Amino acid sequence: MQKQLGYREYLSLAIPFIISTITQPLLGAVDTAVLGRLDDASFMGGVAIATVIFNTMYWLLGFLRVSTSGFAAQSLGTEKREDEYFSFFRPLMMALFFGLGIVILQYPLREAALLIYKPAVDIRVSVLEYYNILVWGAPFVLIGYVNIGWLMGRKYVKETLFLQVSSNVLNILLNLIFVISLEWGVFGVAAATLISQGYGFLLGIIIVNHKLKLRGVAAYRQDLLSKQSFREIVSVNSDLFIRTLCLLTMTNIFVATGGRFGKNVLAANAVLFQIQYIFAYFYDGLANASSVYAGRAKGQKDIGEYRKLMKISNHCLLAVTVVITLILFFFMRHLVSVFTNIDEVLVIALEYSRWMVIFPALIAVGLVYYGMFTGTSCTAPVRNSMVIALAVFLGAYFLLVPSMGNNGLWIAFLGFCLFRSLGLWFYREAPARGFKEISGTA
């Protein structure tokens, strides 16, 4: 019998997940910070564009981690050994396919991205240098998504924490060595990231094998490629793909538009987006915990557990929102100055930073509830809310940017965040459909 969910159990999972996930945006933050001290905004702008290119590919395939975590969490509820194997190996096959596909198609993907962004000559050089190195890490990244997703879903907290933190700390240390000490510039940033990606992939496989004994899947090979199961996976992943496509459409428009305002505005927006990423990952840690317990509730078909989870999630996201808002309000100048000492970029970033203060209140529900929906594989509402949010963004974009410039761009972004949250709030009861009441309830 599973332990009843309470605040202590929830936070015992959420806090390590926050610690492990917060190191991910710190990688981009370190990239931005070290390049921001090379006295040329073209380095920051080039890496910002190249990062968005990879984010476009990897975020589109981010369902590999999210869906893996959901199915692995549901296997906690069913307590079937075969479900443990299927929740890992089915997405693993998809990750390998997509990872090799990116490597094979690297040149047309690169040229298509350059046509979209049309970077200036000096920025283009940095984009190419970064991209041509990091593209070889695609299989490592995507299989790493499956490793992390499975470990999270199965509540292997210490292992998840060690894998993510050690990989990201390695990346940060190599960044400092390659860029600050050896002065390798953009090449050093890319090399550090690629090495850490390979390390994370190998360590993840070793940890999963220790927990699952990968060779044991042979006993279930006949059911591994079940058409019905793959149809469910494809349905879930299709919804998450559309969700991510909407998110990336917004992000790419945001970055491309900032670039048209000049390299200093592009760099300033990159700094503010890095700050936004860091704080968004606090919510991501809550979302990962909510995903695990929502998946467990589905596996047990326990609606009481789900409702208890929603209450706990609401209280935790409210507390985190208050703390983040206060930090942004009182310490924004200090946060921005961490990322750059280029005076022009610093001034522009502080000018637009006021929009960041209201960001937490608008995005909190959208980020945390996302975990509950994906944990139960109830992904259609996630898709729908993001389509609506993108429509709001585009409407505000075409209405406000021509007259308000970069201010209009940030308002459009905040509108996207707001309707992303409102959509999931409206659908909040959808994940519980099909559950049965278990009193305590059983």
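Read-outs: derived from the displayed coordinates by stated rules, not from any lab. Treat the numbers as computed from the prediction; the structure is a model and nothing was measured. Cβ coordinates were reconstructed from backbone atoms using ideal geometry, including for glycine residues, and neighbour counts include every protein chain displayed.
Overview of results
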{"read-out": "Given charges at beta-carbon only (K, R positive; D, E negative), |dipole| of the chain in Debye", "value": "1380"}
{"read-out": "From phi via Karplus (6.51, -1.76, 1.60), per-residue ³J(HN,Hα) for the range 140-156 in Hz, x at Gly/Pro", "value": "5, 5, 6, 5, x, 4, 5, 4, 5, x, 5, 5, 5, x, 8, 6, 8"}
{"read-out": "Selected from Val322, Ala219, Phe279, residue furthest toward positive end of dipole (the chain; charges at beta carbon)", "value": "Ala219"}
{"read-out": "For Phe261, distant residues with modelled amide H under 5 Å away", "value": "none"}
{"read-out": "Amide proton proximity set for Asp302, modelled H, under 5 Å, gap of 5+", "value": "Lys436"}
{"read-out": "Entries in Lys213/Lys308; Lys213/Lys301; Lys158/Lys311; Lys155/Lys308 that, when Cα-Cα distance is taken, lie over 23 Å", "value": "Lys213/Lys308; Lys213/Lys301; Lys158/Lys311"}
{"read-out": "Cα convex hull volume per residue for the range 186-317 (Å³)", "value": "189"}
{"read-out": "Derived scalar couplings ³J(HN,Hα) [the range 309-322; Karplus, 6.51 cos²θ - 1.76 cosθ + 1.60; whole Hz; x for Gly, Pro]", "value": "4, 4, 4, 5, 4, 4, 5, 5, 5, 5, 5, 5, 4, 4"}
{"read-out": "Farthest positive-ward along the range 303-442 dipole, Cα basis, beta-carbon charges - from Ile303, Thr374, Leu422", "value": "Ile303"}
{"read-out": "FRET efficiency estimate (nearest 0.05) - Cβ-Cβ, Ile327 to Ile180, R0 30 angstrom", "value": "0.65"}
{"read-out": "P(r) weight above 14 Å for the range 139-188, C-alpha pairs, percent", "value": "61"}
{"read-out": "DSSP-assigned coil residues among GluC sites (Glu not before Pro) in the range 77-146, each with at most 13 further Cβ atoms within 10 Å", "value": "Glu79"}
{"read-out": "Rg(Cα)/(2.2 N^0.38 Å) for the range 175-230, N = residue count", "value": "1.89"}
{"read-out": "Calculated from backbone phi, Karplus (6.51, -1.76, 1.60) coupling profile of the range 115-125 in Hz, x at Gly/Pro", "value": "5, 6, 8, 6, x, 4, 4, 5, 6, 4, 4"}
{"read-out": "Whole-percent pair-distance distribution, where bins are 10 Å wide, for the alpha carbons of the chain", "value": "4, 21, 32, 27, 12, 3, 0"}
{"read-out": "FRET E, pair Ala219, Ala256, Förster distance 51 Å, beta-carbon r, rounded to 0.05", "value": "0.50"}
{"read-out": "Helix axis angle, 7-35 relative to the chain longest principal axis, alpha carbon, degrees", "value": "20"}
{"read-out": "Largest-first principal axis extents, alpha carbons of the range 310-367, Å", "value": "45, 16, 14"}
{"read-out": "Once exposed loop trypsin sites (Lys or Arg not before Pro) are cut out (DSSP; at most 16 other Cβ, 10 Å), longest piece of the chain", "value": "81-212"}
